[in-house]
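Take a look at the structure set out below.
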Amino acid sequence: MWEELARKISEKTLLVCRRSGERIPYRADSRGRFDDRSGEGISWWTNGFWAGCLWQNYALTGREELKSAAQTQERKLDAALLDAGGLDHDSGFKWLLTAGADYTLTRGEESLNRLLLAASNLAGRFNPRGAFIRAWNDRSGEKAGWAIIDCLMNLPLLYRATALTGDPRFGQIAALHAGTAAERFQRPDGSVEHIVVFDPATGEKRGTLPGQGMASGGTWTRGQAWAIYGFTLSYLHTEDPRFLACAVRAADYFLAHIPASGLIPVDFAQGADCPFEDDSAAAIAASGLLELAGAAGERRYRDAAERLLTALSEKRLDLSPDTDFLLTHCSVSYHDREHNHPLIYADYFFTEAVLKRLGKGVFMW
Ligand code: GLY
C-alpha cells in the first residue's frame, strides 16, 4: 500500500510542479488550482511547504526538475529574509524546508547562509525573562509576551544552527523555549494551550488564549499535533527525557480522542455534530507519531500513525490530475468562516509521513 501511495503522490506532484510553475501556494481556488503567495505575500508562514513537497519527491524519485523548482522557491524567499516585519517565529517552517533541505542534499553555501540568517533572527526573538520565543509581530508591543505551541516545530532551525556553527547559544535558546512549553503550555491531562501570554518585562505568566481553537479549555487539534511532533524533535536534538515525556503525554491525549472515523476535527471539544475537520492535524500527528514510535520504542504510535494515514488516503485524498492539492478537508481555525478545504501544509505533512513510513524522503527537522 505505502509504495503505491508514494508513487501516486509523486506522479501528481510532478504534474502539478509542471503546471503551477513558480507559484508559492497556500490554498486552492474554486477549480482546485493553487493560488500564489509570491510578491506581497512572500513573508507568509506557509511559504516553505510547497518547496518541502518538491524536495521530498525529489528525494524519492531523483527527478532534477523537482529539485530545480524547489531551488527557485528558495531564491524567491530571499525577499522575506529582508522583511523585518514579516520575520516571526515561523522561520523554521520557511527555511528548514527550503534552504535546510537544499543544504542537506547539495551542501550549497548560499543555502547555509540563508539558514544561518534565519536562525539568527529567530534566536533574537528570545525573551530571557520568560524563557520563551516571541510568536508574532506588532508595532504596539501588545503581542511582545505572546508565545504559541506551534513554535516547537521551528526550534530545529536553532538546533541545526548549533550543529552547523559549533556555537551552543542557538540550541540553548531552543531547549529553554521547549522547557517553557513543557512547564507552561501542557495541561495535566496532556493536552496543550495554543497561546500563552507572558508579561514581557517580568516573564510572569499572565494567562492563555484559545487562538485557533474553539474556546478556552478546548484542544485545538493542530496545536496538539504540533506538540506531539515538536516535543519529540526537541527530545531527538537534546536527549532530555522531559521532552520525550511531554511528547508521550501529548500523543496519548490525541490517541484517546480520535473519533471512530479516524478523521480529525478542528478542536477535540467541538462535539460530534460539528462537521469542521482538519486533515492537516491528522497528517502532522501521523508524521510526529512515526518519529515518536522510534524515539520511545513504542510500536503503538506507529500503528496509530498508520490508522490516521489510512483514513486520510481512503476518505480525503484527491489524486485527480485536474486539481493541484492532495487533501480535501482542512481548516485554518475553528472560528474561520470557511472549513474543509485544501491547505498546502496538510499536503506537505501527508507526503512526509507516507515517505517516512517507507523509510524514504528527507529528514527536514
Ligand atoms: N502555525 C499556524 C497554524 O498552525 O495554523
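For the reader, a short list of remarks on this structure follows.
- Only residues that are within 16 Å of the ligand (Cβ to nearest atom) and surrounded by 23 or more Cβ atoms within 10 Å (Cβ to Cβ) were counted in segment 136-152, giving 6.
- Residue 347 vs. criteria charged (D, E, K, R), modelled with pLDDT of 95 or more and crowded, with 24+ Cβ neighbours inside 10 Å: yes
- Of 273, 303, 336, all but one fail to be over 19 Å from the mean Cα position of the chain (by Cα), within 14 Å of the ligand (Cβ to nearest atom) and either assigned to a loop (DSSP other than H, G, I, E, B) or free of Cβ contacts under 8 Å to residues at least 60 places away in the same chain (or both); the exception is 336.
- Listed by first and then second residue, the pairs with beta-carbon distance under 6 Å, at least 6 apart or on different chains, first residue in segment 240-258 and of a type in the set (D, E, K, R), second crowded, with 19+ Cβ neighbours inside 10 Å and in a helix (DSSP H, G or I), are 242/182.
- Verdict on residue 299 being touching a helix residue (DSSP H, G or I) at 6+ places or on another chain (Cβ under 7 Å), basic (Lys, Arg) and surrounded by fewer than 17 Cβ atoms within 10 Å (Cβ to Cβ): yes
- The residues of segment 66-96 that are part of a helix (DSSP H, G or I), within 16 Å of the ligand (Cβ to nearest atom) and of a type in the set (D, E, K, R) amount to a single one, 94.
- None of 203, 211, 230, 217 is in contact (Cβ under 8 Å) with a residue 12 or more places away in the chain, on the phi > 0 side of the Ramachandran plot and within 14 Å of the ligand (Cβ to nearest atom) except 211.
- Flag if residue 115 is in a helix (DSSP H, G or I), within 16 Å of the ligand (Cβ to nearest atom) and within 19 Å of the chain's Cα centre (by Cα): no
The values are calculated or read from the model by the stated rules, or taken from the named source; none is laboratory data. Note that the structure is predicted; figures quoted are calculated from it, not measured. FYI the Cβ positions are ideal-geometry reconstructions off the backbone, even for glycines, and counts take in every protein chain you see.
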